[in-house]
Amino acid sequence: NAGVTQTPKFRVLKTGQSMTLLCAQDMNHEYMYWYRQDPGMGLRLIHYSVGEGTTAKGEVPDGYNVSRLKKQNFLLGLESAAPSQTSVYFCASTKSGANVLTFGAGSRLTVL
Amino acid sequence: EDQVTQSPEALRLQEGESSSLNCSYTVSGLRGLFWYRQDPGKGPEFLFTLYSAGEEKEKERLKATLTKKESFLHITAPKPEDSATYLCAVQAGGSSNTGKLIFGQGTTLQVKP
């Protein structure tokens with residue numbers, strides 16, 4: 001039972017490049033989330049999904065897109081990376097809104 | 001606006017020296033308050049959920065309490081392995097429960113032997 005798996009763990013991009021972060025969970029969870037963590041800012045919600053085929057904006061959605069084509073996967077895309085998107089990204093999932101979130105190990109992204 | 005503030009930002013303790021971490025919150029209807037532990041380079045790991053004022057939960061050397069405005073994480077006789085960043089988060093009320101959490105900035109605890 002792997003839980004929440006994020007790939008890649010590390011990535012360096014140049015300004016303007018695009019990339020996709022993949023989050024996969026094997027717990028049959030309905031709800032999935034993407035957060036970013038920056039020093040002194042805490043975890044901030046980017047986008048979330050309450051079920052397959054649905055997505056919604058969180059607190060800091062600008063510059064990011066997401067897709068939830070399969071229940072177990074939640075993809076976070078950066079179409080044109082900017083230095084301000086240098087951060088550690090965490091994916092989380094839960095069975096329903098009333099349950100505890102389980103987090104992945106994080107993906108560290110650096111944009112030069 | 002829903003908000004969570006944690007204090008102090010950093011705390012250094014000697015092994016065995018008990019202390020408390022604070023989490024103050026402003027939220028439109030509290031569904032739950034969560035405490036997570038985060039080790040360097042890892043994702044947050046769940047510790048406790050508190051739902052109503054007066055509620056307390058314990059796990060080993062940790063005890064979490066909740067009032068209408070704040071939560072405390074009490075650490076009794078800490079050991080070096082308790083060194084980590086402790087995150088507080090709230091889940092706000094509303095007609096639809098999306099499970100979203102609003103996090104504080106965290107308190108980084110260092111316990112010296």
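Below, the figures for the structure above:
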{"item": "Flag for A:E79 being surrounded by fewer than 16 Cβ atoms within 10 Å (Cβ to Cβ), touching a Lys or Arg at 6+ places or on another chain (Cβ under 8 Å) and of a type outside the set (S, T, Y)", "result": "no"}
{"item": "Residues (within 18 Å of A:G77 (Cβ to Cβ), in contact with a strand residue (DSSP E or B) (Cβ under 8 Å, 6 or more places away or on another chain) and not in a strand (DSSP E or B)) located in the range A:1-16", "result": "A:P8, A:K9, A:K14, A:T15"}
{"item": "Residue match in the range B:49-59 (condition: part of a strand (DSSP E or B), more than 11 Å from every other protein chain (Cβ to nearest Cβ) and under 26 Å from A:Q37 (Cα atoms))", "result": "yes"}
{"item": "Some residue of the range A:48-55 being modelled with pLDDT of 95 or more and over 19 Å from A:A24 (Cβ atoms)", "result": "no"}
{"item": "Where a residue in the range B:100-111 is more than 7 Å from chain A (Cβ to nearest Cβ) and its partner, wherever it lies, is at pLDDT below 95 and in a loop (DSSP other than H, G, I, E, B), with Cβ under 7 Å and at least six apart", "result": "B:I102/B:D2"}
{"item": "Output for the range A:43-77, where each listed residue is assigned to a strand (DSSP E or B) and either over 11 Å from the mean Cα position of the chain (by Cα) or without any contact (Cβ under 8 Å) to a residue 24 or more places away in the chain (or both)", "result": "A:L43, A:R44, A:L45, A:Y48, A:A56, A:K57, A:N65, A:S67"}
{"item": "Candidate set: the range B:65-83, residues that are out of contact with any Lys or Arg (no Cβ under 7 Å at 6 or more places or on another chain) and under 27 Å from A:R36 (Cβ atoms); chosen: the one surrounded by the fewest Cβ atoms within 10 Å (Cβ to Cβ)", "result": "B:S83"}
{"item": "Some residue of the range B:70-83 being in a strand (DSSP E or B), of a type in the set (A, V, I, L, M), under 25 Å from A:S93 (Cα atoms) and within 14 Å of chain A (Cβ to nearest Cβ)", "result": "no"}
{"item": "Scope the range A:78-93; condition modelled with pLDDT of 95 or more and more than 14 Å from the chain's Cα centre (by Cα); matching residues", "result": "A:S80, A:A81, A:A82, A:P83, A:S84"}
{"item": "Residue match in the range B:84-100 (condition: surrounded by fewer than 22 Cβ atoms within 10 Å (Cβ to Cβ), in a strand (DSSP E or B) and modelled with pLDDT under 95)", "result": "yes"}
{"item": "Members of the range A:86-112 that are touching a Leu at 6+ places or on another chain (Cβ under 9 Å) and free of Cβ contacts under 8 Å to residues at least 60 places away in the same chain", "result": "A:T86, A:S87, A:V88"}
{"item": "Which listed residue, of A:V12, A:V111, is buried (at least 19 other Cβ atoms within 10 Å of the Cβ) and over 10 Å from the mean Cα position of the chain (by Cα)", "result": "A:V111"}
{"item": "Residue selected from the range B:20-29 under the condition surrounded by fewer than 21 Cβ atoms within 10 Å (Cβ to Cβ) and part of a strand (DSSP E or B), by the criterion farthest from the other protein chains (Cβ to nearest Cβ)", "result": "B:S20"}
{"item": "Among the candidates A:A24, A:A92, A:A2, residue that is small (G, A, S) and within 11 Å of chain B (Cβ to nearest Cβ)", "result": "A:A92"}
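The values are calculated or read from the model by the stated rules, or taken from the named source; none is laboratory data. All figures in this text were calculated on a predicted structure; none of them were measured in a lab. Cβ atoms come from the backbone with ideal geometry, glycine included; neighbour counts cover every protein chain shown.
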